[in-house]
Every structure is written in structure tokens, then in C-alpha cells.
Amino acid sequence: MTEQIDLHRRHLLGAAVTTVAIAQFAMAGSASAQLSMTKTGATTIKPGTNTSFGPLKQVTAGVLNMGYAELGPADGAPVILLHGWPYDIHTYIDVAPILASRGFRVIVPYLRGYGTTQFLSSETPRNGQQAVVAVDVIALMDALQIDKAIVGGCDWGARTANIVAALWPERCKALVSVSGYLIGSQQANKMPLPPKAELQWWYQYYFATERGQAGYEKYRRDFAKLIWQIASPQWTFDDATFERSARAFDNSDHVAVVIHNYRWRLGLAEGEPQYDVLEQRLAKAPVIGVPTITLEGDANGAPHPDPGAYAKKFSGKYEHRLITGGIGHNLPQEAPRAFADAILEVASLA
């Protein structure tokens, strides 16, 4: 699959941790041994080359005990990579080794409700509203004593990265965001879309029903695979690739967090009051001022905004790239070199 980059929009506007060996993630081979160099000196890799991060780590962060992969030197410049739904840390299985080989300290956490991330208390609401996922990231940075990091994301991870950059710019050195600016609000989500656009959100309305919650609980793997196929129609992933990520959905809180996320968006579920101030700020669609590169795949089958609709939401150094060659919604896993290159360049912009 080719990864040609069309720079069709470019403007620069100025300037306590425990290691846990997880059996199902056993290392299938040395990631660093799979790396090669391009003529320009940038590290490249064939998608699907790596199959494991090796032993994962756990750390208490806020209300969570968060599971995460860590690659690269401990004193390297931090990069935090955030996955979406229904994906997991394997979105960055090929990206992370590239960045680690260039000296970055790469952190890839499981979001709440995924993989080895667990709530510390059974009394904590299984909340999936947009602000709380970003609060989790700040708590992770605090736990790992990371003052400032480059943050990148896709799907829920992109929205979360946007929020970190918008609300805590002092903690975000730079941003790479697939599908651009994704911060929303319950008020904005009250506005109906044209029928064709509403059809793309069919699962959101399914999740609004008790039947939908029961269906997702029963068929979560089938559901996730269908979303993968719709969102990335030209991505020929195999069963082993899917299964490595699908294990993350066995988390006992996964369904509750996902259902709450989508119901919250439509105003059908309440958020937690302590995050109201953050949501009020996000509802104003704050401009992001940190250096940013946004990416879009030319075969993204999931709902996504047109780049022209969000370019002005980035007031710092900014660039947009269209990644061609049949690249779908899960861009970092489908086109790891393109995503890694964006991280490398945005680091230089910062």
C-alpha cells in the first residue's frame, strides 16, 4: 500500500510504576530489528511488521490504574499516542518503534475501558464523556512525571489530543491529529444532519437503546470488525491483526464506557459535575495554538469533517496532509510511516 503525501493545504502561521508481563502480548521478534532507513534518513517500516509491544506497564493515574506500552530511551522527548474506538494500542504498533529509534520516549496508553486499564474503585462512574478522557491523559503525565509532550491521536484519541492541546497547552508541545479538529459539545450535537450524514452514525443511535447496549455486550467482536471494515474499506487486515486489538475489548468496563460516550454526546446521559467547567470551555470550540499537523486518509469511510472546515481552528504553525493509497480511518496502523513522519516534523516545528 503506497503512502504518497499530498500537501494540499499548508500554512505556517508563525511561530509509581510496575512492569507487567502480559502473556498474550509476548514479543514475536525485535521491533528494532525490523526497521530500515529511507534515502532521506527517516525510519520506515512495512505496516504489520510488528505484532507486539512486549511487556506492558501499569501506573496509578487519577481514578485509573492505566496500562501502557513504553518504547525508547527514558530520557527521550516524550510522545503520547492515543487510540480510538473500536481500536487499541496496536494502532501504533509500527509507529512507536519508528519514533523510539529516533530517540523519543513513546507512551501508548490503553484508554479507560480498554485492555489492562482498570478503575481503582467500583464506585467511580464508568464515564466516557470527552473531557474525562483528556483528564486521564493529564493524570498519566503527572504519574509519569512528564511535564510536556507531543500528543498524537486517531478517532477518540484525536479528539482527546485536541482537548489536551486546547485546555492544557502548557502540557502539549505539539499535536498530530487524524481528521483534524474533533472537539464537540452536547449543544452542537442537538443539531440534526442531512439524512445521508445521519446514516453514517447508525451505531450511535443503536447505542442509545437498551437493545443496542445488550447487542454490543454480546457481539462486541463482530461489531468492532464491522466498524473496521466500514471505516477502512481498502485495509486488508487479517484475523490475527484484528484479534490482537479485540482482546482489549474484553475489559469489564469497556461496554459501559463506550455506551456512555455515545449517549453523552446526544445528551441522553449525564456527565460528572466536576467536569462541567471543562465541557463549558470545550463547547466554545477553543482554538488550538500549539504547532499542529492534521492528517486524513483518502479512503476514510468513517464520518469526518472536511479539512477546510477546521483549518482556522489551529492558530499556530499548521499543516494538513492527505495520505493517499487507500488509507482509511485507522491511519496510524494503515500508514505508519506517514504518521511517524508527521510526529517527527511537528517536533521540529515545536
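Rounded, prolate or oblate: which fits segment 298-341 when a ≥ b ≥ c are the square roots of the eigenvalues of the alpha-carbon gyration tensor, with rounded for a/c under 1.5 and prolate only if a/b beats b/c?
Since a/c reaches 1.5 but b/c is at least a/b, the shape of segment 298-341 is classed as oblate.
What is the Cα centroid distance between segment 108-132 and segment 265-301, reported in whole angstrom?
Their Cα centres are 18 Å away from one another.
Between segment 232-246 and segment 151-217, what's the alpha-carbon centroid distance in Å?
22 Å
Match the structure shown to one of the listed values [x] 21.7; [y] 20.1; [z] 21.1 of Kirkwood radius over Cα pairs in Å, computed from it, and give that label.
[y]
By its C-alpha gyration tensor, with a ≥ b ≥ c as the square roots of the eigenvalues, how is segment 241-350 shaped: rounded for a/c under 1.5, else prolate for a/b larger than b/c, else oblate?
Here segment 241-350 falls in the oblate category.
For residue 209 and residue 226 in the same chain, what is the full-extension length gain: residue separation times 0.36 nm, less their Cα-Cα distance, in nm?
4.2 nm
Around residue 124, with a cut-off of 13 angstrom between Cβ atoms, what is the net charge of the other residues, counting Lys and Arg +1 and Asp and Glu -1?
On the way: positive: 112, 126; negative: 123, 136, 253, 272.
That works out to -2.
When the chain is fully extended, how far beyond the present Cα-Cα distance does residue 75 get from residue 285, taking 0.36 nm per residue of separation?
Values: separation 210, 0.36 × 210 = 75.60 nm, distance 3.45 nm.
Net length gain for the segment: 72.1 nm.
Per 0.36 nm of contour for each residue apart, how much would the distance between residue 199 and residue 65 grow if the chain were fully extended, relative to their Cα-Cα spacing?
Fully extending the segment from residue 199 to residue 65 adds 44.6 nm.
Just flag the GluC sites (Glu not before Pro) in segment 225-293 sitting in loop per DSSP whose Cβ has no more than 15 other Cβ atoms within 10 Å.
Here the sparse-neighbourhood loop sites are 270.
What is the sum of charges around residue 63, taking Lys and Arg as +1, Asp and Glu as -1, for the other residues whose C-beta is under 14 Å from the C-beta of residue 63?
That sum, taken over residues with Cβ under 14 Å, equals -3.
Taken together, the values in this text are just the output of simple stated rules run on the coordinates, not laboratory data. Since this is a predicted model, take the numbers as computed values, not measurements. A quick note on method: Cβ atoms are made from the backbone with ideal geometry, for glycine too, and the neighbour counts reach across all protein chains shown.
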